[in-house]
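The structure under discussion appears below in the form of structure tokens.
The values are calculated or read from the model by the stated rules, or taken from the named source; none is laboratory data. Predicted model, so just to flag it, every value in this text is computed and none were measured. We place every Cβ from the backbone using ideal geometry, glycine too, and count neighbours over all the protein chains shown.
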Amino acid sequence: MTDGLLSTAPERKGPHRGWVVTGVCFLMAVFGWGTVFYGHSLYMSALKLEHGWTTGQISGAITFFWIVGIPMTVTIGSLIDRFGPRLVTATGALLVGTSVIGLGQVQALWHVYACFALMAIGYPAVGAVGISATLGAWFDKGLGIAMSFALTGASVGAMLIVPAMARITETDGFGQAALIMGGVTMAVVAPLCLLFMSRPIVDTMVPQTSIPALKHLGATARMPMFWVIALASGISLAAQVGYLSHQIPILEERLSRTDAADAVAITAAAGIIGRFGLGFLAERFDLRAIAIVAYLLQAAGIGALNLVDDGYFLYLACALSGFVVGCLVILPPLFIRRWLGADGYGKNYGLLAVFAYLCQGLGPGSMGLIHDFAGVYEPALWYLVVLLLAAVAVITRLGPPPRV
């Protein structure tokens with residue numbers, strides 16, 4: 001059967017086709033993270049300046065984004081399993097682009113919430129959930145490396161899109177910056193998804209390396225090891241998302257907006273090294289030990305922001321915290337694949353992502369409340385350090401993966 005443009009028919013696995021799909025996932029990550037994950041801190045800074053809303057009000061909209069995205073997060077794996085990644089990811093790109101354009105045109109606070117809600121519906125398709133659900137079908141032992149490469153696009157997006165939007169905002173206004181980046185997201189990502197995203201034919205003769213009793217999500221939810229993974233992932237991502245969504249306003253206490261945007265780029269650039277390092281180490285070392293080191297490194301980097309004022313050392317602190325940004329995103333799907341197996345991988349990771357979305361959604365809002373109460377970011381940053389140390393304590397409770 002010939003696979004047409006909008007066909008959901010699977011294709012036979014092959015090394016070349018799997019890496020073509022990985023390349024498209026890389027571009028999805030560039031725009032998905034550049035305009036959403038890393039873009040949130042720029043939107044917070046611009047909307048505060050242009051409309052006078054408080055940190056708590058705008059960070060509440062970002063928390064709203066993560067909570068609204070929960071239903072799509074839990075279903076995105078099933079949607080990709082049923083319809084294939086083409087239509088699902090292309091639709092997500094169109095929704096994200098539209099929401100970014102909308103943020104540049106808002107006139108009331110409820111408009112901000114509406115745009116973030118639209119963004120929340122589209123983002124899971126082009127974010128870590130959609131990428132992991134797509135690549136999980138194409139790769140077995142090489143999943144860590146493929147994920148590392150694809151999610152390097154997240155760092156590239158932060159390095160290119162956030163500084164570019166900051167500079168366009170300085171010269172032409174935030175509305176023009178949002179129009180350009182939202183439009184490019186729709187014009188570039190959606191067509192590429194329609195042309196090249198596909199799913200492989202599953203060879204039913206290949207033995208499944210999964211837990212036989214894992215037949216549905218109810219079984220997953222009754223597994224203690226799932227909740228240890230989910231809790232550690234949720235706490236660490238709450239700290240990371242809280243930090244990244246406020247990063248530019250945090251740094252604007254001591255730097256200009258464009259310098260703060262450059263610090264975001266440095267954060268992301270450091271993440272490239274850490275992400276590929278994880279892809280290499282994940283195939284050779286215990287994921288639990290890798291997670292502990294990652295949580296501690298990010299805690300050190302965030303804590304250092306409270307201890308230094310010089311621009312050079314601020315950049316170094318951002319680099320230290322950014323070194324493991326990608327690791328904290330990639331670790332949850334790797335834990336799920338290794339501890340729960342291949343059967344129902346998309347659905348199992350979707351369930352984990354729901355819990356993680358709920359936790360990480362609380363990060364920006366709680367950061368905003370602490371900032372508004374204290375008037376500065378220092379206590380909020382120490383709060384994030386405590387969260388990361390708690391994640392270390394939780395992941396030490398995870399036993400070894402089941403033997404298959």
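Among what's in the range 140-199 and is small (Gly, Ala, Ser) and not in a helix (DSSP H, G or I), pick the residue that is farthest from GLY39 (Cα to Cα). Checking each candidate, the answer is GLY142.
Just give me the residues in the range 114-132 being of a type in the set (A, V, I, L, M) and farther than 14 Å from VAL24 by Cβ, in sequence order.
Within the range 114-132, the first condition is being of a type in the set (A, V, I, L, M), and the residues that meet it are 114, 117-121, 125-126, 128-129, 131.
Scanning the range 114-132 gives ALA114, ALA117, LEU118, MET119, ALA120, ILE121, ALA128, VAL129.
From the list THR98, THR73, THR63, THR134, the lone residue that is surrounded by fewer than 23 Cβ atoms within 10 Å (Cβ to Cβ), in contact with a helix residue (DSSP H, G or I) (Cβ under 9 Å, 6 or more places away or on another chain) and not hydrophobic (A, V, I, L, M, F, W, C) is THR98.
Only residues that are at pLDDT below 95, surrounded by fewer than 16 Cβ atoms within 10 Å (Cβ to Cβ) and among the small types (Gly, Ala, Ser) were counted across the range 350-393, and they come to 2. Select from the range 107-131 the residues that are in a loop (DSSP other than H, G, I, E, B) and free of Cβ contacts under 8 Å to residues at least 60 places away in the same chain and write down the one among them that is surrounded by the fewest Cβ atoms within 10 Å (Cβ to Cβ). Out of the qualifying residues, it is GLN107.
Among the candidates LEU316, LEU358, LEU334, LEU387, single out the residue that is in a helix (DSSP H, G or I), closer than 25 Å to ALA260 by Cβ, among the hydrophobic types (A, V, I, L, M, F, W, C) and under 21 Å from the mean Cα position of the chain (by Cα).
Being in a helix (DSSP H, G or I), closer than 25 Å to ALA260 by Cβ, among the hydrophobic types (A, V, I, L, M, F, W, C) and under 21 Å from the mean Cα position of the chain (by Cα) holds for just one of LEU316, LEU358, LEU334, LEU387, which is LEU387.
Looking at ALA294, ALA265, ALA289, just one residue is closer than 18 Å to TYR312 by Cα, hydrophobic (A, V, I, L, M, F, W, C) and part of a helix (DSSP H, G or I), and that residue is ALA265. Residues of the range 219-251 that are surrounded by fewer than 19 Cβ atoms within 10 Å (Cβ to Cβ) and either on the phi > 0 side of the Ramachandran plot or in a helix (DSSP H, G or I) (or both): ALA219, ALA221, PRO224, MET225, TRP227.
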